[in-house]
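Report on one structure; see the data block that follows.
The values are calculated or read from the model by the stated rules, or taken from the named source; none is laboratory data. In this text the structure is predicted, and so the values were computed from the model without any measurement. Here the Cβ is made from the backbone with ideal geometry for all residues, glycine too, and neighbour counts use every protein chain on show. Note: areas computed on protein heavy atoms with side chains; ligands, DNA, RNA excluded. Shrake-Rupley method; radii C 1.70, N 1.55, O 1.52, S 1.80 Å.
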Amino acid sequence: MKINAPKSHPRYLSNLYRDKLAYGVKLGITSLQGLTAHGRGEAFDYLLGEKTNDFAKIAIKVATCMLITARHPVISVNGNTAILAPAEIITLANLTNASIEVNLFHASKKRENNIVHYLKKLGAGTVLLPNKGIIPGIDSNRRMISKEGQKDADVILVPLEDGDRTGALVAMGKKVIAIDLNPLSRTAKRANVTIVDNLVRVIPDLICQVKIMRSYKKEKLISIIDSYDNHLVLEKALIYIARRLTLLSRNSDVMV
Ligand code: ATP
């Protein structure tokens, strides 16, 4: 992969992720539309200060509890996730006994298989593909799921999602953890737990938290889940953005 920005560049990481996504397109893993979806994410990341804020940290802890206590967790992977955090997805799946399942908005058997091969080359075990499972109530390609994966799952982690599918999965009785930089998206509003942060920071944080919290008693994990309020977390994210912008408008050098 060709990295264009030098490490000394002030926006090195942002450029690195763009290079990775462009490489993903070249490998037939990421869709062209995925690049524009990333652009919307970048804009919100900018507003959030490109860091993991307290409201995201709370959601990450609750998501960790849900993944640890789940009967069958599934990590749903699309073309952006597969290229931005492949090794981290595999590690998280191994630590939580989660299945990895490919789920694409823009239908492509070729891209599905490319993602499977890419993840397997990096050490993934089974990577599930949509087969006979269907999510009722949605028309996009994302309705196609695996019977052994999301159809059977009780907890589903969905980095980069569309709101229709998140709502439909919740209606099926699944607990949905979304990673979405946009606290206003339908996904963010419909998920049970929304981590308003960049998936490139969230997945490593989830790995760290699983390593810490897996020694907790089940009752403690469940009480953390029960005391969680997703609406409050989304409200905190929006208030944070509004306050930060107000401060920045008064002093362009302020760092919050
Ligand atoms: P919805 O259907 O939920 O209302 P949408 O139509 O905006 O949302 P999509 O275009 O399907 O959603 O996906 C893009 C979403 O993913 C955006 O909300 C964007 O903020 C988010 N996003 C993009 N890149 C990342 C990333 N690296 N980490 C987390 N979220 C991201």
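Note: relative contact order over the chain, using C-alpha pairs below 8 Å and six or more positions apart, is 22 percent.
Considering only DSSP beta bridges where both residues belong to the chain, give the percentage that are antiparallel (nearest 5). Given both bridge residues lie in the chain, the antiparallel proportion sits at roughly 10 percent. Simple rule: put +1 on each Lys or Arg Cβ and -1 on each Asp or Glu Cβ in the stretch 54-237, find the dipole, and look at Val155, Thr126, Thr64; the Cα lying farthest toward the positive end is Thr126.
What is the local net charge at Met144, summed over the other residues whose Cβ is closer than 13 Å to its Cβ (Lys, Arg +1; Asp, Glu -1)?
Net of charged neighbours comes to +4.
Over the residues of the chain, the helix contribution to mean residue ellipticity at 222 nm works out to -16500 deg cm²/dmol, using -39500 (n - 2.57) for each DSSP H run of at least 4. Mean projection of the Cα convex hull over all viewing directions, computed for the chain: 13.7 nm². Within the assembled protein chains, the solvent-accessible surface assigned to Phe105 is about 100 Å², based on a 1.4 Å probe.
Got a number for carbon plus sulfur as a percent of the stretch 54-237's accessible area, 1.4 Å probe?
52 percent
For Tyr46, Tyr240, the ranking by accessible surface with the largest value first comes to Tyr46, Tyr240, using a 1.4 Å probe. Using the Cα coordinates of the stretch 114-256, the gyration tensor eigenvalues translate into equivalent-ellipsoid semi-axes of 30, 19, 18 Å, sorted from longest to shortest. When only the Cβ of Lys, Arg, Asp and Glu is charged (+1, +1, -1, -1), the dipole of the chain relative to its Cα centre reaches about 400 debye. Other residues whose C-beta falls under 11 angstrom from the C-beta of Val202 contribute a net charge of -2, scoring Lys and Arg +1 and Asp and Glu -1. Average accessible surface for the stretch 54-237: 42 Å² per residue, computed with a 1.4 Å probe over protein heavy atoms with every protein chain in place.
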